[in-house]
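All remarks here apply to the structure that follows.
Quick note: the coordinates plus some simple rules give every number you see, no bench work behind them. Note that the coordinates shown come from a computational prediction; the quantities given were computed from them, not determined experimentally. Because the Cβ atoms are built from the backbone with ideal geometry, glycine has one as well, and the counts that use them run over all protein chains shown.
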Amino acid sequence: MRCTARFSARLAIRRQDRQLLPPHRQRRSDRRGGSHRPHPARVGPQRPCRHTTADAAVARLSDQARPLHRGGAPGQRNPAHQDPRRQVACRPDARRPNGRLGLVSPTFVAPPQWTAAELKAARDTAEDAFTHLRREEGPKAFQRMYNQLRPRVEQVFEASDDIQNLTGAVFKADPQAWQACRYLCGPPISQEDLWTLVGGPKFRSVPPDYAEDTAEAIRVVVDPVRFPWLAQGRPPWPDEREMAIMATTVLWAAQQTGTERRGEASSRQETMTAKTLDDAGLTLEVSRAPIQFIDDMPRGGYSRERRLAGAKCDVPARLFDGRLLALECKVSNGPKNGWKRVNREVGGKSDAWRAHFGSQALTGVILAGVFDLSCLVTAQDRGVIILWEHDMNPLREFVESTSA
């Protein structure tokens with residue numbers, strides 16, 4: 001009796017294993033006559049066969065141990081062999097003013113997403129504001145900078161006998177004179193270029209030991225167009241001297257105005273971003289220590305410029321739900337510059353931060369100025385949250401929504 005049950009169980013296992021094989025391996029000769037039995041899925045319903053109690057027991061065990069890739073006939077899957085991982089249904093998006101905030105999971109709220117039409121409208125508003133600012137503040141800022149720098153240029157002319165005796169004594173008497181002297185060159189040279197020509201250490205004030213080397217580096221590249229009297233070995237005419245002083249000051253003022261404008265724009269954006277985060281309930285963290293792990297910053301906090309995984313972030317914030325929000329501030333004066341600022345700089349940081357911190361790292365950018373629409377669409381598709389300096393409400397609403 002025991003042998004019969006054992007034989008029946010073994011026969012049932014063999015029968016089920018045969019049915020689990022792929023179709024091209026099912027045509028095997030039967031033990032009794034050598035005939036081939038086709039796969040049941042090809043010929044439709046089969047004649048019911050007799051099953052013993054042992055057959056049923058083996059079937060139950062087989063169902064429990066059967067791997068997912070052997071779930072039955074091709075194109076079919078036994079419900080008992082579905083993916084055992086729990087399926088989480090996403091809740092539908094809930095529209096809100098100034099953006100669309102939707103729950104993408106039972107715990108995390110999605111950041112604002114914009115259509116192409118919404119991005120175009122916001123871009124046009126930012127461009128109009130940029131144009132108005134340039135028309136109103138550009139000439140005034142340049143005139144203010146010109147008046148501030150002209151006395152320093154005149155001082156260099158007097159100390160060097162109208163550039164005819166530009167020696168190390170000029171820099172020993174005024175170690176800061178090298179900044180004005182950079183614009184005596186044709187064309188003006190950068191700080192890095194001058195440091196390279198001098199061959200000494202990088203300096204903010206000319207060291208006495210390098211005063212003569214600095215004078216020599218500048219003398220060999222002085223502009224012959226503005227200072228024609230140097231090649232002719234004569235003092236400048238009054239008109240020549242006045243034009244040379246004015247031209248030198250204009251070059252310096254133009255460079256300084258652009259540098260100051262970029263610094264002011266960045267500082268303005270960071271200040272507005274910090275105020276918005278304060279209004280949303282986050283707390284300013286004094287620490288500027290580098291962040292290597294998300295928990296290095298407490299939930300509900302933000303800080304000013306800080307390094308995240310080795311890259312500088314203008315305003316990093318830790319949302320109430322635990323995610324890390326890295327905010328960058330960018331101003332662009334044209335479409336080409338916008339591509340560089342948004343897609344190369346911010347997009348590159350976004351990819352690096354996501355690779356380091358995982359999916360809980362979000363990257364947003366606060367924009368002002370001129371941007372190409374395709375640049376904005378590409379950045380958003382890449383995962384960057386698009387925000388605007390002229391409307392910070394979406395940022396505030398998103399941060400507040402993470403505390404729900």
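Going by the conditions given, is Trp237 surrounded by fewer than 19 Cβ atoms within 10 Å (Cβ to Cβ), of a type outside the set (Asp, Glu) and within 19 Å of Val153 (Cβ to Cβ)?
So Trp237 fits the description; yes.
Could you count how many residues in the stretch 360-376 are out of contact with any Ser or Thr (no Cβ under 7 Å at 6 or more places or on another chain) and not in a loop (DSSP other than H, G, I, E, B)?
10
Exactly one condition in (1) assigned to a helix (DSSP H, G or I); (2) exposed (fewer than 12 other Cβ atoms within 10 Å of the Cβ); (3) of a type in the set (D, E, K, R) is not met by Arg204; state its number.
Answer for Arg204: the failing condition is (1).
Restricting attention to the stretch 106-135, and to residues there that are touching a residue at least 60 places away in the same chain (Cβ under 8 Å) and in a loop (DSSP other than H, G, I, E, B), which single residue is surrounded by the fewest Cβ atoms within 10 Å (Cβ to Cβ)?
Filtering the stretch 106-135 for residues that are touching a residue at least 60 places away in the same chain (Cβ under 8 Å) and in a loop (DSSP other than H, G, I, E, B), the one surrounded by the fewest Cβ atoms within 10 Å (Cβ to Cβ) comes out as Thr107.
Out of the stretch 160-180, which residues are hydrophobic (A, V, I, L, M, F, W, C) and crowded, with 17+ Cβ neighbours inside 10 Å?
Result: Ile163, Leu166, Val170, Phe171, Ala177, Trp178, Ala180.
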